[in-house]
Amino acid sequence: MNMPDNLTELLEPVIAITRDAGDAIMAIYQKDFSIYEKSDDSPLTEADLAAHKIIVQRLAEISDYPILSEESANIDWQERKDWQTYWLVDPLDGTKEFIKKNGEFTVNIALIHQGKAILGVVTAPAINQIYAGVLDGPCFKELEDKSRTELNPVSVDSAEQLKIVGSRSHQSPEIKGFLEALGKPSELVAMGSSLKLCMVAEGKAHLYPRLGPTSEWDTAAAHAVVNAAGGKVTVMTQNENGVWQDSGVELLYNQKESVLNPYFLVSA
């Protein structure tokens, strides 16, 4: 199956869908709540499902591609293994950020073709930011005033000090080992959800090494933005000394029954 030829035409409708899903989340987010787990009637679950419903309904109106969402993750491998082109959706990424009310949660829609993330929109409704990109097409960040700026990643080679996107809570020994092997001083830039990948896409950080579990819907939309900006997301492997390093092999989607990603590196 050939690459969809109307990718750029799909981008604006997908942005509109993420905006509406974000509005549905914000209506719940702005209520007074305290919730610590995802029970069936929690505000978190309510927001997740409200966004999911809008996204699935509206994507079906603009294309015939199948949809895999975190909220409908039970689609059998036998069914989806033959999918050439499909939507990969995380209606609400950044549950900790949602609960902490720090605004760093996102709505994520990606279009995958033959394993590659070719279109992606990441919308952070609480901070009014949208990252969007199409492979070999437009790639930008949109702010609250609807102004758009092109995304340009910054290469590691040109940097004297590296900005590394990481977790607020802890730096693992694996990450420390990886950073030491780079041989350059580095500072940690904390960010939540799929916005971590977007930090590299817009040149606010040089690298995002992820040596922990993620699912395919967590990364796909932001991965497409990184690709469109000229960056890359590659699989990490361990060398003979047990140090994690970049394999140079692109992270792909829907290649296996498990929807868990291998460890990966986002770079310019």
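Quick note: the coordinates plus some simple rules give every number you see, no bench work behind them. If you're wondering where the values come from, they're calculated on a predicted model, not measured in any experiment. Virtual Cβ from ideal backbone geometry, glycine too; neighbours counted across all protein chains shown.
If you place +1 on the Cβ of every Lys and Arg, -1 on the Cβ of every Asp and Glu, and leave all else neutral, what size is the dipole of the chain about its Cα centre, to the nearest 20 Debye?
600
Which helices of the chain meet both criteria: a Cα extent of 15 Å or more along the helical axis and a mean Kyte-Doolittle score no lower than -0.5, with helices taken as whole DSSP H segments?
The answer, listed by residue number, is 7-29, 43-62, 216-229.
What order, most packed first, do the peptides 245-258, 128-141, 104-117 have when packing is the mean number of other Cβ atoms within 10 Å of each residue?
Going by the mean number of other Cβ atoms within 10 Å, highest first, we get 104-117, 128-141, 245-258.
Can you give the translational diffusion coefficient of segment 1-108 in µm²/s, computed by Stokes-Einstein from the Kirkwood radius over Cα pairs at 4 °C and 1.567 mPa s?
After rounding, the answer is 87 µm²/s.
Just the number, please: Stokes-Einstein D of segment 156-267 in µm²/s, Kirkwood Rh from C-alpha pairs, 20 °C, 1.002 mPa s.
Using the Kirkwood radius from Cα pairs, D works out to 151 µm²/s.
Hey, any idea what the orientation-averaged projected area of the convex hull of segment 92-138's Cα atoms comes to, in nm²?
So the mean shadow area of the Cα hull is 3.6 nm².
Give the span of segment 56-138's Cα atoms along each principal axis, as three whole-Å numbers ordered largest to smallest.
Rounded to whole Å, the extents work out to 39, 32, 23 Å.
Quick one: net charge around Val89, please, counting Lys, Arg +1 and Asp, Glu -1 for every other residue with C-beta under 9 Å from its C-beta.
Net of charged neighbours comes to -3.
Please list, by residue number, every one of the GluC sites (Glu not before Pro) in segment 147-227 that is coil in DSSP and has at most 13 other beta-carbon atoms within 10 Å.
Sites meeting the loop and neighbour criteria: Glu160.
So what is the relative contact order of the chain, in percent, for Cα pairs below 8 Å that sit 6 or more residues apart?
Averaging sequence separation for qualifying contacts and normalising by length gives 18 percent for the chain.
Quick check on the exposure proxy: order Trp87, Trp77 from fewest to most C-beta atoms within 10 angstrom.
Trp77, Trp87
If each Cα of the chain is one equal point scatterer, what is log10 of I(q)/I(0) from the Debye formula at q = 0.09, 0.11, 0.16, 0.17 Å⁻¹?
With one equal scatterer per Cα and no solvent, log10 I(q)/I(0) is -0.38, -0.58, -1.25, -1.39.
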